[in-house]
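Note sheet for the following structure.
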Amino acid sequence: MKTKKPPSKPSLPRTALPRIYRIDAQIASGKYPNSNDLAKMCETSVATISRDIDFMRDQLLAPIEYDRFKRGYYYSKKLYRLPAGFSSAEDILALSMAKSLLTLYRETPMFDAASHLLESITAPLSSEGNKDWLEDRITVPKIASAKVKPEIWDVIIEGLKRNHVITFEYKGILDKDYHIRSVRPYQLLFDSGVWYLYGFSEERKAVRIFSLSRMRNAAFTKEGFLLPKNFRYSDVAGESYFGVFVGDEKYKFVIDCYDDAAILIAERQWADDQKITEIKDGITIEFSSTQFEKVLRWVLANGGVAIPRKPRQLVIEWKRQVNEIYKVMSGS
């Protein structure tokens, strides 16, 4: 006699998941909703709701019954909620924690949609009295961020999706006015509260990085392009993790770190080939990177407890900027 295999964990289209959790919440509320009520609430068809109910009952093993007197659905197990039959409490808890990370993207058009999706998915957990402690005890501190205009975001997303050239007016950090740019969009990058477009600049005939907050009048064109094999930012950024910056030359960095900098720097991974050795009262960190400007700012941000040793260009520029700071502070 063959042993009956237990049903495998079903897959579910992401677009249907929030709707199914809303159906679950309505049935569990004891209101005895029918298909028409649920279709109106979810802004979909009765046929779609019927398929969802069948999916919940047959695949997720939800104990859904229909009361012909009250003309609506109910759970035969009064305390049943969907997570028990579909997803573990740990999965839902992880998603609830992920909602906190969304605050990093609050200034982008995708925030509302993503927040609503996660709110819908984690509704069962919230109803179990966990929402308050999650929001109070698991949070992401706010960071300074740059706003992205919805019209800019929409044009870039369309360009990424269809591999079409986009145009926009752009004002670089050193520019006094805006200039028109035509770009083949490769990737969107996020760094310290700012979104960047990484793509091929038709004017420069090379890849460039553009801040979305310094764009205006973006437009989608009909000009398509073939995505190259090495289009990814990671293909050219090297093996270090200092944010969004691409240099033309790779350097071998050697930096001595002391006091609190030694502790904070040693506990993180800054590059793939990172090497840390102990020295008197501190550490020496060595790594390779093309992100010269980012590394320079990183060393300066650590004040007198991070001393660059190599490359020579870094030592020279670090000393120059330290002397400039001293002149400003001393008033000379």
- Task: Only residues that are in a helix (DSSP H, G or I) and in contact (Cβ under 8 Å) with a residue 60 or more places away in the chain: list them for segment 206-232, please.
- Result: LEU212, SER213
- Task: Would you check which residues across segment 48-83 are closer than 16 Å to SER35 by Cβ, touching an Asp or Glu at 6+ places or on another chain (Cβ under 8 Å) and hydrophobic (A, V, I, L, M, F, W, C) and list them?
- Result: MET56, ALA62
- Within segment 271-291, restricting attention to residues that are out of contact with any strand residue (DSSP E or B) (no Cβ under 6 Å at 6 or more places or on another chain) and in contact (Cβ under 8 Å) with a residue 12 or more places away in the chain, which residue is farthest from SER240 (Cα to Cα)? ILE279
- Of the residues in segment 274-318, those that are of a type in the set (Val, Ile, Thr), modelled with pLDDT of 90 or more and buried (at least 19 other Cβ atoms within 10 Å of the Cβ) come to ILE285, VAL295, VAL299
- Item | Any chance LEU226 is under 25 Å from THR290 (Cβ atoms) and not acidic (Asp, Glu) | no
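Condition check ((1) closer than 24 Å to GLN291 by Cβ; (2) at pLDDT below 95; (3) small (Gly, Ala, Ser); (4) not in a loop (DSSP other than H, G, I, E, B)) across all residues:
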{"position": "ASP132", "(1), (2), (3), (4)": "no, yes, no, yes"}
{"position": "SER145", "(1), (2), (3), (4)": "yes, yes, yes, no"}
{"position": "VAL148", "(1), (2), (3), (4)": "yes, yes, no, no"}
{"position": "VAL165", "(1), (2), (3), (4)": "no, no, no, yes"}
- Would you call ILE255 surrounded by 14 or more Cβ atoms within 10 Å (Cβ to Cβ) and either not assigned by TED's automatic domain parsing to the domain that holds LEU212 or not in a loop (DSSP other than H, G, I, E, B) (or both)? yes
- Here are ILE53, ILE64, ILE27: which of them is touching a helix residue (DSSP H, G or I) at 6+ places or on another chain (Cβ under 6 Å) and either modelled with pLDDT of 85 or more or in the same structural domain as GLU158 (by TED's automatic domain parsing) (or both)? ILE64
- Message: Let me confirm something: among SER201, SER192, which residue is without any contact (Cβ under 8 Å) to a residue 60 or more places away in the chain and in contact with a Lys or Arg (Cβ under 6 Å, 6 or more places away or on another chain)?
- Response: SER201
- Does segment 264-277 include one or more residues that are farther than 27 Å from PHE190 by Cα and not small (Gly, Ala, Ser)? yes
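Within the group VAL328, VAL322, VAL315, which residue is touching a strand residue (DSSP E or B) at 6+ places or on another chain (Cβ under 6 Å), in a helix (DSSP H, G or I) and of a type outside the set (Asp, Glu)? Walk me through how you get there before you give the answer.
Values: VAL328 fails: touching a strand residue (DSSP E or B) at 6+ places or on another chain (Cβ under 6 Å); VAL322 fails: touching a strand residue (DSSP E or B) at 6+ places or on another chain (Cβ under 6 Å).
Just a single option satisfies the conditions, and that option is VAL315.
Please work out if PHE225 is at pLDDT 90 or above and of a type outside the set (Asp, Glu).
Taking the combined requirement at face value, the residue satisfies it.
The values are calculated or read from the model by the stated rules, or taken from the named source; none is laboratory data. Computed from a predicted model, the values in this text were never measured in an experiment. As a convention, Cβ positions derive from the backbone with ideal geometry for all residues, glycine included, and neighbour counts pool all protein chains shown.
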